[in-house]
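The values are calculated or read from the model by the stated rules, or taken from the named source; none is laboratory data. All figures in this text were calculated on a predicted structure; none of them were measured in a lab. All Cβ positions, even for glycine, are placed from backbone atoms using ideal geometry, and neighbour counts span all protein chains on display.
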Amino acid sequence: MENKIELKGLRQSFNVRNKEKRCTEEFVALEDFSLSVDDGEFITIVGPSGCGKSTLLDIIAGLTKPKSGEIFIDGRKVSGPALDRGFIMQGYALFPWRTVERNVEYGLEVKHVPKRERRDICRYFIELVGLTGFEERYPNELSGGMRQRVAIARSLAYNPQVLLMDEPFAAVDAQTREILQDELLRIWEATKKTVIFITHSIEEAVLLADRVVVMTASPGTVKRILDIDLPRPRTASDMRISADFNWISNRIWELLQSAAAVKTSKPSGQDLASEISVSARL
């Protein structure tokens, strides 16, 4: 596979008030974050709260600029937002005055796709996410899980090369979350988009990913990368009863505990360079 995304030495910091609130000081959210992502790869990222996961995704999306470091997609340097990236957040971000169909069409309108072609593409992706029959509904007439399906369909419809997903299932109940996980895996198998997926759920990270990136506590950087050599296609129900799945999940939990325990220390070069192949365990 060719590298789709290259993140090189990203650093991001913010000025925040100190404890006495008399002056500001620098808070470093990300430090020397580097990662290569293959075309069509599904990457999940986990880490302690406040380690800079969402900040990282904002930088990749082009919504904010890092203090230093570079991002390349298909060899081209990222300098701002573009339609080669789709961004899906947990808050849905749907237009309440637009129907399902009109929400899904939005990116196609921005790209000036002709109306008839736009309608055909829209209907295809509405069917792909299982919302046929709901085309004329408004967001307030849909459940949380259905709204998230609309957000996924909208991001897929204008054919971005990369999907950036920031805890997209965090706001739904456990049963709906499992259904959406299975649906996302099915859609990814059908489209083979490159995905970077942020989550606080270790089980979700393992279920979805080709590789799981474990981040250190702030400042966030790469602590470990684990190859998830579990057979595909996967479903949440199958993985729950898999001993290998549970072993990998426990290993990530141990890594996160150690990341939180050394919050004030800089990770070693060995940690930064290590890449564990779980296939060696299986």
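State which residue is modelled with the highest pLDDT when the search covers only region 12-27 and only residues that are over 19 Å from the mean Cα position of the chain (by Cα) and surrounded by 15 or more Cβ atoms within 10 Å (Cβ to Cβ).
That would be Ser13.
Within the bounds of region 228-242, is there any residue that is modelled with pLDDT of 95 or more, among the small types (Gly, Ala, Ser) and either in contact with a strand residue (DSSP E or B) (Cβ under 6 Å, 6 or more places away or on another chain) or in a helix (DSSP H, G or I) (or both)?
no
Would you say Gly107 is under 16 Å from Phe95 (Cα atoms), of a type outside the set (Lys, Arg) and touching a Gly at 6+ places or on another chain (Cβ under 9 Å)? Break it down into steps so the answer makes sense when it comes.
Numbers: under 16 Å from Phe95 (Cα atoms): yes; of a type outside the set (Lys, Arg): yes; touching a Gly at 6+ places or on another chain (Cβ under 9 Å): yes.
For Gly107, the condition - under 16 Å from Phe95 (Cα atoms), of a type outside the set (Lys, Arg) and touching a Gly at 6+ places or on another chain (Cβ under 9 Å) - is met.
Looking at Leu256 and the list (1) at pLDDT 95 or above; (2) over 13 Å from the mean Cα position of the chain (by Cα), which single condition is not satisfied?
(1)
For the condition at pLDDT 95 or above, of a type outside the set (Gly, Ala, Ser) and either under 18 Å from the mean Cα position of the chain (by Cα) or under 22 Å from Gly40 (Cβ atoms) (or both), what is the one hit in Leu156, Leu164? Steps first, answer last, please.
Details: Leu156 fails: at pLDDT 95 or above.
Only one candidate passes the filter, namely Leu164.
Grab the helices (runs of 4 or more DSSP H) fully contained in region 49-130, keeping just those with 3 or more residues being out of contact with any helix residue (DSSP H, G or I) (no Cβ under 6 Å at 6 or more places or on another chain) and surrounded by 19 or more Cβ atoms within 10 Å (Cβ to Cβ).
53-61
Hey, among Asn159, Asn140, which residue is without any contact (Cβ under 8 Å) to a residue 12 or more places away in the chain and polar (S, T, N, Q)?
After applying the criteria, what remains is Asn159.
Given the conditions (1) closer than 15 Å to Val104 by Cα; (2) surrounded by fewer than 16 Cβ atoms within 10 Å (Cβ to Cβ); (3) of a type outside the set (Lys, Arg), report the number of the one that Ser143 does not fulfil.
Failed condition: (1).
Give region 155-207 a look and list any residue that's of a type in the set (Val, Ile, Thr), buried (at least 19 other Cβ atoms within 10 Å of the Cβ) and assigned to a helix (DSSP H, G or I), or say none.
Once the filter is applied, which keeps residues that are of a type in the set (Val, Ile, Thr), buried (at least 19 other Cβ atoms within 10 Å of the Cβ) and assigned to a helix (DSSP H, G or I), region 155-207 yields Ile187, Ile202, Val206.
One line per residue, one yes/no per condition, for (1) out of contact with any Ser or Thr (no Cβ under 6 Å at 6 or more places or on another chain); (2) within 22 Å of Ile73 (Cβ to Cβ); (3) not basic (Lys, Arg):
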{"position": "Phe134", "(1), (2), (3)": "yes, no, yes"}
{"position": "Leu142", "(1), (2), (3)": "yes, no, yes"}
{"position": "Gly145", "(1), (2), (3)": "no, no, yes"}
{"position": "Ala151", "(1), (2), (3)": "yes, yes, yes"}
{"position": "Arg154", "(1), (2), (3)": "yes, yes, no"}
{"position": "Tyr158", "(1), (2), (3)": "yes, yes, yes"}
{"position": "Val162", "(1), (2), (3)": "no, yes, yes"}
{"position": "Asp166", "(1), (2), (3)": "no, yes, yes"}
{"position": "Ala171", "(1), (2), (3)": "yes, no, yes"}
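Only one of (1) crowded, with 21+ Cβ neighbours inside 10 Å; (2) farther than 30 Å from Asn140 by Cα; (3) out of contact with any helix residue (DSSP H, G or I) (no Cβ under 8 Å at 6 or more places or on another chain) is not met by Ile45, so which one is it?
Checking Ile45 against (1) crowded, with 21+ Cβ neighbours inside 10 Å; (2) farther than 30 Å from Asn140 by Cα; (3) out of contact with any helix residue (DSSP H, G or I) (no Cβ under 8 Å at 6 or more places or on another chain), the one that fails is (3).
For the structure I just gave you, tell me whether Asp229 is free of Cβ contacts under 8 Å to residues at least 40 places away in the same chain, surrounded by fewer than 18 Cβ atoms within 10 Å (Cβ to Cβ), within 27 Å of Ser258 (Cβ to Cβ) and over 16 Å from the mean Cα position of the chain (by Cα). Even if it seems obvious, please write down each step before you answer.
Numbers: free of Cβ contacts under 8 Å to residues at least 40 places away in the same chain: no; surrounded by fewer than 18 Cβ atoms within 10 Å (Cβ to Cβ): yes; within 27 Å of Ser258 (Cβ to Cβ): yes; over 16 Å from the mean Cα position of the chain (by Cα): yes.
When the stated conditions are applied, Asp229 does not pass them.
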